[in-house]
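Trainee: Dropping the structure in here first, questions after.
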Amino acid sequence: MREVRVRFAPSPTGALHIGGIRTALYNYLLAKKLNGTMILRIEDTDQTRYVPGAEEYIEQSLAWVGIKIDEGVTAGGPHAPYRQSERKSIYKQHVQKLIDEGNAYYAFDTEEELEAMRNRLKAAGSSNQQYSATTRMIMNNSLTLSEGETKKNLDAGVAYVIRLKVPDSEEVQLHDLIRGEVKVHSSQIDDKVLMKSDGMPTYHLANVVDDYLMKISHVIRGEEWLPSAPLHVLLYRFFGWEKDMPQFVHLPLLLKPDGNGKLSKRDADQMGFPIFPLTWTDPKTNELAKGFRESGYLPEALINFLAFLGWNPGTTEEIFSMEELAQAFSIERIGKAGAKFDIQKAQWFNQQYLKAKTEADLAAYLFESLQQENILCSEEKALKICSIMKERVTFTQDFWQQGKFFFHGPTSYDEQVIAKKWNEDVVKVLTLFSKEISNTAELTAAVAKSILESVTNQLGIGTGKILQGLRVAVTGNGSGPDLMMTMEILGNEEVANRINHALSIIKK
Ligand code: GLU
């Protein structure tokens, strides 16, 4: 069997979209499963779209989610360089072969001439105004000029591009492992530019040449590239590489949460969820977009979530580590239909992964927040907080966000709870309870419970009726983690102080 070599080939044109991470992930899972090689190739031939910092961002994002690169710009490897802008001479040499064999040609048309051609065709009612088999013979190129004229132009340094000479009338076919047979009539394909006037190859040429030279076995990429695939098939044929052509795998689109159309950054912004793995500041606009990492997602949870966007293991099991995903992964189980980006599901995965962590791991997240707030906390207290909060949190920063009351007494009290639950019985119980706990040596959860019960018994008031009042006095909130444990963590002095404070300012 052919050695499995896959590549993730992003263009450094900005922050890597979460869909890019999914593409990288599927490549990585296949490589991992079949003992293959994962390559990171930087497709930076479009100089006009180059964004500084984007390449580093790609590498950092992949590292954060745990996708390891075997060959690439930083990893190195036998096919270096892995940055396309450093491979210009390779493309030049290859495009020359296409010209020499009559499969590509020089085109000298100026922007104005191209525009005039399009206008003429439009005026004549033609629905297709492409540079193609039907129009190339009326244009200014090496097919319509004599050999001598072409040479003269080239020698004189007249600006040119190199175009692919697409056959006029044939069915171009390819097999996609997800879509099956794909057929496109060559009249639908235009004479794509392969080399630009600045001597840089276009995506199509560089991509195919590199996939061949880097011995890529599977091209796994987003569905938006499917329309380019027939053109790539033609290039493989013209280069004489048909038998080494990779298998094509075009992944289903990521859709908006309601399934209506492709997921965009705008949708994510509007619905308030991240779309980039890591926080990104656009160098042009200075606009800051918060990443999944900074929003409190765990990389393992994000990976698990992304793996299921378009693939499923065929069982009801949902929690998979990277290793388990690689074991279970298969291209056959990737669906054709677009995958809805259900952010609630991502949150659910995050909860599951947080819950599964040890208190010591979770405490690290709490300490991270506390450090930013300049708050000191003992290890023991942090572990206890994490232990009673882990079932309740969604994001890493929630231990702090939802647990601030462990460090600051309430500055306000949940008004709804006060309106509904704060009454004379509560005041009576809390007054006595606060007095009683002040006399105990140590307020464990069990002690707190028994004191509360004895107080309510003594006063003949049901404990259930005053619990929310107690909680609101101690934490300011109407709900939260186990109240007895919360009081244990706070200690008797603090709890008594908070109760007395609440009793003094909540009027009823
Ligand atoms: N450079 C292309 C991109 O940015 C690569 C597409 C492919 O994988 O062929 O997505």
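The values are calculated or read from the model by the stated rules, or taken from the named source; none is laboratory data. Note that the coordinates shown come from a computational prediction; the quantities given were computed from them, not determined experimentally. Positions of Cβ are generated from backbone atoms using ideal geometry, with glycine treated the same way; all protein chains shown enter the neighbour counts.
Trainee: Within segment 371-418, can you find the residues that are in a helix (DSSP H, G or I) and either hydroxyl-bearing (Ser, Thr, Tyr) or farther than 21 Å from Gln351 by Cα (or both)? I'd like the intermediate steps shown before the answer.
Mentor: Just the residues of segment 371-418 that are in a helix (DSSP H, G or I), to begin with: 371-372, 379-389, 398-401, 404-406, 415-418.
The answer is Gln371, Gln372, Glu379, Glu380, Lys381, Ser387, Phe405, Phe406, Glu415, Gln416, Val417, Ile418.
Trainee: Is it the case that some residue within segment 119-130 is crowded, with 16+ Cβ neighbours inside 10 Å and without any contact (Cβ under 8 Å) to a residue 24 or more places away in the chain? Even if it seems obvious, please write down each step before you answer.
Mentor: So the first thing to find is which residues in segment 119-130 are crowded, with 16+ Cβ neighbours inside 10 Å, and the list is 121, 129-130.
From the residues that got through so far, the ones that are without any contact (Cβ under 8 Å) to a residue 24 or more places away in the chain too are 121, 129.
Scanning segment 119-130 turns up at least one residue that is crowded, with 16+ Cβ neighbours inside 10 Å and without any contact (Cβ under 8 Å) to a residue 24 or more places away in the chain.
Trainee: When you go through (1) more than 30 Å from Glu55 (Cα to Cα); (2) out of contact with any helix residue (DSSP H, G or I) (no Cβ under 9 Å at 6 or more places or on another chain); (3) among the hydroxyl-bearing types (Ser, Thr, Tyr) one by one for Ser126, which number turns out not to apply?
Mentor: Single failed check for Ser126: (2).
Trainee: Also, I was wondering about something else. Filter segment 99-157 for residues that are assigned to a loop (DSSP other than H, G, I, E, B), of a type in the set (A, V, I, L, M) and modelled with pLDDT of 95 or more; which is nearest to Ser197 (Cα to Cα)?
Mentor: Looking only at segment 99-157, we keep the residues that are assigned to a loop (DSSP other than H, G, I, E, B), and these are 101-103, 108-110, 124-135, 139-140, 142-146, 156-157.
Those left that are additionally of a type in the set (A, V, I, L, M): 124, 133, 139, 143, 145, 156.
Add one more test, that the residue is modelled with pLDDT of 95 or more, and what stays is 139, 143, 145, 156.
On the way: Met139: 17, Leu143: 18, Leu145: 18, Ala156: 14 Å.
Checked segment 99-157; the qualifying residue nearest to Ser197 (Cα to Cα) is Ala156.
Trainee: Of all residues in segment 467-483, which are touching an Asp or Glu at 6+ places or on another chain (Cβ under 6 Å) and under 20 Å from Asn497 (Cβ atoms)? Don't jump to the end; show me each part of the working.
Mentor: Initial filter on segment 467-483 (touching an Asp or Glu at 6+ places or on another chain (Cβ under 6 Å)): 472, 477-478.
Within segment 467-483, Val472, Asn477 qualify.
Trainee: Restricted to segment 244-267, and to residues that are over 18 Å from the mean Cα position of the chain (by Cα) and within 11 Å of the ligand (Cβ to nearest atom), which residue is nearest to Phe305 (Cα to Cα)?
Mentor: Restricting to residues being over 18 Å from the mean Cα position of the chain (by Cα) and within 11 Å of the ligand (Cβ to nearest atom), the top hit is Val249.
Trainee: Looking only at segment 328-361, which residues are more than 20 Å from Gly259 (Cα to Cα), of a type in the set (Asp, Glu) and out of contact with any Cys (no Cβ under 8 Å at 6 or more places or on another chain)?
Mentor: The answer is Glu332, Asp361.
Trainee: Name, by its number, the condition in (1) out of contact with any Leu (no Cβ under 8 Å at 6 or more places or on another chain); (2) closer than 22 Å to Lys381 by Cα; (3) buried (at least 21 other Cβ atoms within 10 Å of the Cβ) that does not hold for Thr456.
Mentor: The number of the failed condition is (2).
A quick yes/no check of all residues on (1) buried (at least 19 other Cβ atoms within 10 Å of the Cβ); (2) without any contact (Cβ under 8 Å) to a residue 40 or more places away in the chain; (3) touching a strand residue (DSSP E or B) at 6+ places or on another chain (Cβ under 8 Å):
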{"site": "Glu373", "(1), (2), (3)": "no, yes, no"}
{"site": "Ile385", "(1), (2), (3)": "yes, no, no"}
{"site": "Glu424", "(1), (2), (3)": "no, no, no"}
{"site": "Ile466", "(1), (2), (3)": "yes, no, no"}
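Trainee: Please note which strands (runs of 3 or more DSSP E) are completely contained in segment 170-256 and include at least 3 residues that are buried (at least 16 other Cβ atoms within 10 Å of the Cβ). Write out each step before concluding.
Mentor: On the way: elements: 171-176, 180-185, 193-195, 218-222, 247-251.
In segment 170-256, 171-176, 193-195, 218-222, 247-251 are the strands (runs of 3 or more DSSP E) which contain 3 or more residues that are buried (at least 16 other Cβ atoms within 10 Å of the Cβ).
Trainee: From the residues in segment 9-50 that are farther than 20 Å from Phe320 by Cβ and assigned to a strand (DSSP E or B), which one is farthest from the ligand (Cβ to nearest atom)?
Mentor: Thr37
Trainee: Shifting gears a bit: Can you work out which of the residues in segment 193-208 that are more than 12 Å from the ligand (Cβ to nearest atom) and over 18 Å from Tyr131 (Cβ atoms) is nearest to the chain's Cα centre (by Cα)?
Mentor: Met200
Trainee: Also, I was wondering about something else. Taking into account only those residues within segment 209-221 that are in contact (Cβ under 8 Å) with a residue 40 or more places away in the chain and more than 9 Å from the ligand (Cβ to nearest atom), which is nearest to Thr23 (Cα to Cα)?
Mentor: Here the residue is His218.
Trainee: Tell me, yes or no, whether segment 222-243 has at least one residue that is touching a residue at least 40 places away in the same chain (Cβ under 8 Å), within 10 Å of the ligand (Cβ to nearest atom) and closer than 18 Å to Gly36 by Cα.
Mentor: No, every residue in segment 222-243 fails to be touching a residue at least 40 places away in the same chain (Cβ under 8 Å), within 10 Å of the ligand (Cβ to nearest atom) and closer than 18 Å to Gly36 by Cα.
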